[in-house]
Amino acid sequence: MSFEPDLKDFYSYLESERRYSPHTLAAYRRDLNAFIRFSQQRDIADWTKMDDLHVRAFVASQHRKGLSGTSLQRQLASIRTLFNYLCRHHRAEVNPAQGVPAPRSAKRLPETLSVDQLDCLLAFPGNDALACRDRAVMELFYGCGLRLSELTGLELGDIDWQQGTVSVTGKGRKQRHVPFGSKAGAALKQWLQHRSAQADQHEKALFTSRSGKRISNSSIQQRLKKRALQQGVGISLYPHMLRHSFASHMLESCNDLRAVQELLGHANLSTTQIYTHLDFQHLAGVYDKAHPRSRK
């Protein structure tokens, strides 16, 4: 038996019905390819021959290779989703990954920038096209708490100047409207003055490269690292750090978890709650430094 026909149907289902992004689909393929290779090495060529012991053996083998608890949890989630699909379509009888635990990994709090670091980062000089684009990119990242793919996916028509909002297409192609501040608005207007001379005539992307096409994720990542180094911020900057900083600073100021959840486009409140730990960490640090009996 070949697994390929069922896998092809499954990926088509994820793309058309679940509306998963290419990035998410690629992650599913990587996870399930590893599982299929493991199964074939053990001469298992049928979904019905897979049980919980087989899945546990797969998890153990991946753990021995050094995969983190988070990666193993993601792989298990991919296998569970596949078998839920197979069971619904009568191609498997049980879900062997149901109830199989992954080794827990220590919770890592997101890295953030301080307000002073952000001010320093965004104060780089220049009014040429590249500087204006980089400034607009970072102001939107931090001002709206965007994901990298959300930012590179923005189009000219997504900016509502009258309302001062940007229409963002997030995970699962869900749309949300996020307000942007005066700093981001000013940076965008500066960039748009250069964009018209740089972008291809029919290009709809808000941010374009020197070639006139939509800018790539990797280009944005490289530009952020370069600007952080140039400004002497002292960290290796990556796009999601600006999103983390947005969430952390919003919660420090307003303490409205639900509002921040909507702004970030999180499906579950529990995902947003990790930023409350950052806020507590900040308060605890202030206490330790300021209270006369905190160290005694």
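Criterion first (at pLDDT 95 or above, on the phi < 0 side of the Ramachandran plot, in the same structural domain as Asp158 (by TED's automatic domain parsing) and of a type outside the set (Lys, Arg)) does Ile220 satisfy it?
Values: at pLDDT 95 or above: yes; on the phi < 0 side of the Ramachandran plot: yes; in the same structural domain as Asp158 (by TED's automatic domain parsing): yes; of a type outside the set (Lys, Arg): yes.
Answer is yes for this residue.
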remark   = Within region 133-145, the count of residues that are more than 13 Å from Leu224 (Cβ to Cβ) and either touching a Lys or Arg at 6+ places or on another chain (Cβ under 6 Å) or not in a helix (DSSP H, G or I) (or both) comes to 1
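Looking at region 44-54, is at least one residue of a type in the set (Ser, Thr, Tyr), farther than 30 Å from Arg173 by Cβ and out of contact with any Leu (no Cβ under 9 Å at 6 or more places or on another chain)?
First pass over region 44-54, keeping only residues of a type in the set (Ser, Thr, Tyr): 48.
Subsequent filtering for residues that are farther than 30 Å from Arg173 by Cβ retains 48.
Now restrict to residues that are out of contact with any Leu (no Cβ under 9 Å at 6 or more places or on another chain): 48.
Taking every residue of region 44-54 in turn, at least one turns out to be of a type in the set (Ser, Thr, Tyr), farther than 30 Å from Arg173 by Cβ and out of contact with any Leu (no Cβ under 9 Å at 6 or more places or on another chain).
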message = Exactly one of these conditions fails for Leu151: (1) within 29 Å of Ser253 (Cβ to Cβ); (2) more than 17 Å from the chain's Cα centre (by Cα); (3) not acidic (Asp, Glu). Give me its number.
response = (2)
request  = Show the residue pairs that are 6+ apart or on different chains and have beta-carbon atoms under 9 Å apart, the first residue being within region 233-249 and over 13 Å from Gln222 (Cα atoms), the second being part of a helix (DSSP H, G or I) and of a type in the set (Asp, Glu).
outcome  = Ser248/Asp279
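Could you tell me whether any residue of region 43-53 is aliphatic (A, V, I, L, M) and in a helix (DSSP H, G or I)?
Within region 43-53, one or more residues are aliphatic (A, V, I, L, M) and in a helix (DSSP H, G or I).
Condition check: at pLDDT below 90, out of contact with any helix residue (DSSP H, G or I) (no Cβ under 6 Å at 6 or more places or on another chain), under 25 Å from Leu130 (Cβ atoms) and of a type in the set (Gly, Ala, Ser). Does Gly185 satisfy that? Don't jump to the end; show me each part of the working.
Values: at pLDDT below 90: no; out of contact with any helix residue (DSSP H, G or I) (no Cβ under 6 Å at 6 or more places or on another chain): yes; under 25 Å from Leu130 (Cβ atoms): yes; of a type in the set (Gly, Ala, Ser): yes.
Considered against the rule, which asks whether it is at pLDDT below 90, out of contact with any helix residue (DSSP H, G or I) (no Cβ under 6 Å at 6 or more places or on another chain), under 25 Å from Leu130 (Cβ atoms) and of a type in the set (Gly, Ala, Ser), Gly185 comes out as no.
Of the residues that make up region 85-101, is at least one under 22 Å from the mean Cα position of the chain (by Cα) and surrounded by 15 or more Cβ atoms within 10 Å (Cβ to Cβ)? Spell out how you get there, then give the answer.
First, pick out the residues of region 85-101 that are under 22 Å from the mean Cα position of the chain (by Cα): none.
Within region 85-101 (the criterion being under 22 Å from the mean Cα position of the chain (by Cα) and surrounded by 15 or more Cβ atoms within 10 Å (Cβ to Cβ)), the answer is no, since none of the residues qualifies.
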ask   = Among Leu251, Leu242, Leu278, which is the only one that is modelled with pLDDT of 70 or more, farther than 19 Å from Leu148 by Cβ, touching a helix residue (DSSP H, G or I) at 6+ places or on another chain (Cβ under 6 Å) and among the aliphatic types (A, V, I, L, M)?
value = Leu251
Subset tally (residues that are of a type in the set (Phe, Trp, Tyr) and either over 23 Å from Pro103 (Cα atoms) or touching a residue at least 40 places away in the same chain (Cβ under 8 Å) (or both)) for region 31-57 = 2
remark   = Among the residues of region 86-107, the number that are under 15 Å from Met50 (Cα atoms) and not in a loop (DSSP other than H, G, I, E, B) is 2
request  = Could you please find all residues in region 1-43 being surrounded by 13 or more Cβ atoms within 10 Å (Cβ to Cβ), of a type in the set (Asp, Glu) and under 19 Å from Lys174 (Cα atoms)?
outcome  = Glu15
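The values are calculated or read from the model by the stated rules, or taken from the named source; none is laboratory data. Computed from a prediction, not measured in an experiment: that's the story for all the values here. When we count neighbours, we look across all protein chains shown, and the Cβ atoms used for this are built from the backbone with ideal geometry, even at glycine.
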